[in-house]
Amino acid sequence: MTSQLSQTSHISIDADSVCIAWESGARSDLPHLWLRDNCDCSDCRIEQTSEKRFLIADVSADLAPANVELIEDRLFIEWPDGHRSSFSGEFLRSFGADDTVAIKYWSEGFVPKHFSYSEFLEVDSVAELAIGEFLAAGAIVLDNAPQKRGTLEYLAPRLGPIREVLFDRIHDVEVNPRGYNVAHTALPLPPHNDFASYTWPPSVQALHMLENQATGGLSIIVDGWALLNSLRDEHPDLFDVLCKQAVPFREFDENNETFAIEPIIR
């Protein structure tokens with residue numbers, strides 16, 4: 001969706017920002033220094049590589065535009081030294097508008113919203129709704145996925161690049177006498193976060209459920225953010241300890257090992 005600057009309701013300049021009020025009701029407060037630093041003209045960036053020539057340290061910390069002008073879908077800014085920068089409405093909206101998804105905290109009784117697997121792959125509007133719900137609530141269900149291996153790898157790019165971990169690209173969770181993890185046993189798994197032994201753990205997990213004849217195997221999901229909010233409100237001292245006290249995490253098999261010393265809350 002292109003954001004036309006001509007469809008804004010108001011553009012103004014305050015002490016440290018250019019302020020854009022969009023027709024949708026969203027507002028962008030774009031700091032003067034940020035705008036100057038993001039000028040992409042050939043004087044400020046190397047065209048071949050898009051790397052910066054301009055150094056923000058070369059201008060005053062209280063820099064402000066000498067003039068701001070709106071022409072069609074571009075915002076033109078003239079700076080006190082005579083340099084001119086221009087920005088498209090689409091660029092300014094993507095970096096400056098407050099369009100963040102409102103997080104939904106939940107507790108017992110929560111039921112994830114369901115979407116069609118095929119529509120998620122084929123219909124952009126459905127994928128947009130599903131991903132928006134995922135970002136807000138942290139969990140969704142895609143129904144009627146094919147019951148065959150490889151389905152998850154085919155789906156994943158719709159969500160984002162696959163983050164490969166040391167042990168597997170796509171991990172098959174099944175009972176395995178030589179498995180390196182409790183998930184390879186028939187024992188129940190309590191709520192947990194995967195790959196705490198990474199300094200940068202993966203942030204999204206996609207699970208492809210295949211039908212089988214075994215009983216049990218129900219999945220439990222927990223809103224960790226809601227728990228952390230409650231802990232911070234009710235026991236701020238304990239919350240602070242979990243944020244600051246580093247502990248060791250290790251996961252390994254016969255050929256690989258991951259190890260990190262990090263706080264439990266990070």
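Below is a table of values for the structure above.
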{"read-out": "Exclusive hit being more than 26 Å from D253 (Cα to Cα), out of contact with any strand residue (DSSP E or B) (no Cβ under 9 Å at 6 or more places or on another chain) and among the small types (G, A, S), set A145, A130, A186, A139", "value": "A145"}
{"read-out": "A127, sole failed condition from (1) of a type outside the set (S, T, N, Q); (2) under 17 Å from the mean Cα position of the chain (by Cα); (3) at pLDDT 90 or above; (4) assigned to a loop (DSSP other than H, G, I, E, B)", "value": "(4)"}
{"read-out": "Leading residue by the ranking (modelled with the lowest pLDDT) among those in the range 153-167 that are more than 12 Å from E251 (Cβ to Cβ) and part of a loop (DSSP other than H, G, I, E, B)", "value": "E164"}
{"read-out": "Qualifying residue in the range 215-223 (condition: under 21 Å from I103 (Cα atoms), within 18 Å of the chain's Cα centre (by Cα) and surrounded by 10 or more Cβ atoms within 10 Å (Cβ to Cβ))", "value": "yes"}
{"read-out": "Answer residue from the range 130-152, given it is assigned to a strand (DSSP E or B) and either in contact with a His (Cβ under 6 Å, 6 or more places away or on another chain) or touching a residue at least 60 places away in the same chain (Cβ under 8 Å) (or both) and is farthest from V222 (Cα to Cα) among those", "value": "D143"}
{"read-out": "Yes/no for V68 being outside any loop (DSSP other than H, G, I, E, B), hydrophobic (A, V, I, L, M, F, W, C) and modelled with pLDDT of 95 or more", "value": "no"}
{"read-out": "Any pair with Cβ under 6 angstrom, 6 or more apart, that starts in the range 185-209 at a residue that is small (G, A, S) and ends at one that is part of a loop (DSSP other than H, G, I, E, B)", "value": "A186/V175"}
{"read-out": "Leading residue by the ranking (modelled with the highest pLDDT) among those in the range 87-111 that are assigned to a strand (DSSP E or B) and of a type in the set (G, A, S)", "value": "S88"}
{"read-out": "Residues located in the range 216-257, provided they are assigned to a helix (DSSP H, G or I) and either over 29 Å from K104 (Cβ atoms) or among the acidic types (D, E) (or both)", "value": "D233, E234, D237, D240"}
{"read-out": "Close pairs (6 angstrom Cβ cut-off, 6 or more residues apart or separate chains): part of a loop (DSSP other than H, G, I, E, B) in the range 19-41, surrounded by 14 or more Cβ atoms within 10 Å (Cβ to Cβ) and polar (S, T, N, Q) anywhere", "value": "C39/S85"}
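Here's the yes/no breakdown for (1) within 17 Å of A156 (Cβ to Cβ); (2) crowded, with 16+ Cβ neighbours inside 10 Å; (3) assigned by TED's automatic domain parsing to the domain that holds P65:
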position	(1), (2), (3)
G82	no, no, yes
F120	yes, yes, no
S125	no, no, no
G132	no, no, no
G138	no, yes, no
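The values are calculated or read from the model by the stated rules, or taken from the named source; none is laboratory data. Every value quoted in this text rests on a predicted model; they were computed, and no experiment measured them. For neighbour counting, all protein chains shown are included, and Cβ atoms are generated from backbone atoms with ideal geometry for every residue, glycine included.
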